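Worksheet: the structure to be examined is printed underneath.
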Amino acid sequence: MGVGQGAGGNHLTAISAEQAFQAYEAVRHRLPALGADARTSRQAGTLADLADAFDVFLLDAFGVLNIGETAIPGTPERVEALKAAGKRVMIVSNAAGFPHAALMEKYTRLGYDFAPEDVITSRATLLAGMNGQRGLHWGLMATRSTGLRDLEGLTLTYLEEDPGPYAEVDGFLMVGSAAWTEERQALLEAALQDRPRPVLVGNPDIVAPREQGFSTEPGHFAHRLADRTGVAPDFFGKPFTNIFDLAFKRLGPVDKSRVLMVGDSLHTDILGARSAGVGSALIADYGFFAGQDVGSAIARSGIVPDYVVDRP
């Protein structure tokens, strides 16, 4: 199966890391621009090696804290050690498909102890960025089983097999793709071709690493509809700076030179950190680039992290 062709429900794909990398490269024109510089990456074994250089650690979730439903070994202890050393540790994740409370329960189950205000998601970023659009009737790409917590107050209709809502709603919210299908994607694209409307994307990820491969995320479908309909989606989450703006609001006054974004993806975590003006560290042994040639990917993309770290 290609990207986006996984069965509804688990949305796993059979693509390789190389194919996923190419998919991100193909949409670079919609991602934040990257100015040229001569930086080179420094190597580190773990985040403990960087503790003296930074006061704030912004951690991606998938590929840094966990792979699917499994914590990366030793990482809960690493997080606690950083906090014990006086570091502020926050999650900054494109986890739009789940309510905040459900994520808090998950991280606790995996052995992490984060305060609710220290978990910044693209779901929250989307809601914070809707401004005067809250009164519209939205068609929702999401999985029913995850529920609508955090989305109270919005007028929503799930997008499923009935073509009626696609024609009737004022705009579309793309937050979770686990139950999304090719039939639903075709209905969405046809509706936008017939009548262009706002498309807000709560998860810009094209794929995410799971225990048994990559899952297809809302960003993939958003870029597809943009290519086919000409409708330019509004993205909320990494690599776009809106999610970092929300994190900085939670942090208060901070020296950005002492802030480090840690992630497993060049095109979301590292590009986002570069755009936000903070330091960046790419995890090499887990997540997107596990078992891959990280140096080659960095050279090909031109997205250069400040550090390449073996493991969290």
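Annotations for the structure displayed:
- Only listed residue being outside any loop (DSSP other than H, G, I, E, B) and farther than 24 Å from residue 87 by Cβ, chosen from 270, 298, 243, 303: 298
- Pair list, Cβ < 8 Å and 6+ apart or interchain, from the stretch 36-54 residues that are within 13 Å of residue 83 (Cα to Cα) to residues that are in a loop (DSSP other than H, G, I, E, B) and not acidic (Asp, Glu): 47/312; 51/85; 51/87; 54/87
Results for (1) within 18 Å of residue 44 (Cβ to Cβ); (2) touching a residue at least 60 places away in the same chain (Cβ under 8 Å); (3) in a loop (DSSP other than H, G, I, E, B), shown as yes or no for each residue.
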position	(1), (2), (3)
205	no, yes, yes
209	no, yes, no
226	no, yes, no
231	no, no, yes
249	no, no, no
254	no, yes, yes
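Quick grid of which residues meet (1) assigned by TED's automatic domain parsing to the domain that holds residue 177; (2) surrounded by fewer than 24 Cβ atoms within 10 Å (Cβ to Cβ); (3) within 15 Å of the chain's Cα centre (by Cα):
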residue: 222; (1), (2), (3): yes, no, yes
residue: 231; (1), (2), (3): yes, yes, no
residue: 244; (1), (2), (3): no, no, yes
residue: 250; (1), (2), (3): no, yes, no
residue: 256; (1), (2), (3): no, yes, no
residue: 261; (1), (2), (3): no, no, yes
residue: 264; (1), (2), (3): no, no, yes
residue: 267; (1), (2), (3): no, no, yes
residue: 282; (1), (2), (3): no, no, yes
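- Checking each residue in the stretch 192-203 for being in contact with a Phe, Trp or Tyr (Cβ under 7 Å, 6 or more places away or on another chain), buried (at least 22 other Cβ atoms within 10 Å of the Cβ) and part of a loop (DSSP other than H, G, I, E, B) picks out only 202.
- Residue that is surrounded by the fewest Cβ atoms within 10 Å (Cβ to Cβ) [pool: residues in the stretch 72-82 that are touching a residue at least 24 places away in the same chain (Cβ under 8 Å) and either in contact with a Gly (Cβ under 9 Å, 6 or more places away or on another chain) or not in a loop (DSSP other than H, G, I, E, B) (or both)]: 80
- Leading residue by the ranking (nearest to residue 57 (Cα to Cα)) among those in the stretch 107-137 that are in a helix (DSSP H, G or I) and free of Cβ contacts under 8 Å to residues at least 40 places away in the same chain: 116
- Residue check for residue 163: more than 22 Å from residue 98 (Cβ to Cβ) and within 22 Å of the chain's Cα centre (by Cα): no
The values are calculated or read from the model by the stated rules, or taken from the named source; none is laboratory data. This structure is a prediction, so every number in the text was calculated from the model and none was measured. All Cβ positions, glycine included, derive from the backbone under ideal geometry; neighbour counts span all protein chains shown.
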